[in-house]
1. If the cut-off is 28 Å between C-alpha atoms, which lysines fall inside it for Lys150, apart from same-chain ones fewer than 8 positions away?
2. Counting pairwise Cα distances across the chain, what percent come out greater than 25 angstrom?
3. Over the range 69-159, average the accessible area per residue using a 1.4 Å probe and give it in Å², no decimals.
4. Could you give the Stokes-Einstein D for the range 55-149 in µm² per second, using the C-alpha Kirkwood radius, 4 °C, 1.567 mPa s?
5. So, in nm, how far is label Lys32 from label Lys14 when the simple model puts each one 7 Å beyond its Cα toward the Cβ?
6. Got a number for carbon plus sulfur as a percent of the range 45-106's accessible area, 1.4 Å probe?
Amino acid sequence: MPISTRDIGFEYGKLFAQQGQLPRLPVPSLQKTLAKYSESLEPLLPSEKLAYSKRVIQEFGESAQGQELQRRLEARAQDPNCANWLEEWWNDLSYMGYRDPVIPYVSYHYSFNDDPLCSRPNQRAAKLIAGAMAFRQAIIDGSLPPETTKTGALCSHSY
């Protein structure tokens with residue numbers, strides 16, 4: 001088993017068996033990215049700051065620096081040793097780059113149901129740890145199936 005699931009050829013067990021058939025994550029054009037960014041600022045900024053921000057965004061889109069950064073991003077996406085151009089940045093910046101608790105601030109859909117068999121906190125903690133370790137083992141031994149949609153398997157590199 002390879003050291004990292006980020007390896008482009010990693011296809012161990014059920015979870016990763018379909019990785020090689022998945023399409024690569026597309027890189028949006030610089031203009032689409034800047035348009036989306038500009039749109040996201042609209043509810044946040046007063047009109048004069050929004051107008052200034054839109055000018056700066058347009059200048060950046062036309063600049064040599066903007067074009068060079070887009071070229072580098074596209075090259076990273078085409079790198080045969082890079083399974084996903086965004087994954088490393090997403091994980092490092094979204095999960096590992098700050099010290100806030102992940103569960104309430106990042107994983108919004110994470111919750112626990114009450115378990116009537118666990119009336120004491122230490123019982124609940126032990127059961128949670130046992131469940132997490134069983135899930136981890138299913139990833140390691142390759143028995144966990146991939147998450148799917150109507151159109152097929154989703155990328156499992158986040159595991």
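The values are calculated or read from the model by the stated rules, or taken from the named source; none is laboratory data. Note that the structure is a prediction, hence the values are computed from the model and not measured. FYI the Cβ positions are ideal-geometry reconstructions off the backbone, even for glycines, and counts take in every protein chain you see. Just the protein is used for accessible areas: all its heavy atoms, side chains included, with ligands, DNA and RNA removed. Shrake-Rupley method; radii C 1.70, N 1.55, O 1.52, S 1.80 Å.
1. Reachable lysines: Lys14, Lys32, Lys36.
2. On the way: 6830 of 12561 pairs.
Taking all Cα-Cα pairs of the chain, the fraction more than 25 Å apart is 54 percent.
3. Values: 7140 Å² over 91 residues.
Result: 78 Å² of accessible area for each residue.
4. Numbers: Rh = 18.1 Å.
The Stokes-Einstein estimate is 71 µm²/s.
5. Reported label-point gap for Lys32 and Lys14 is 3.4 nm.
6. Numbers: 2620 of 4680 Å².
After summing per-atom areas, the C and S share lands at 56 percent.
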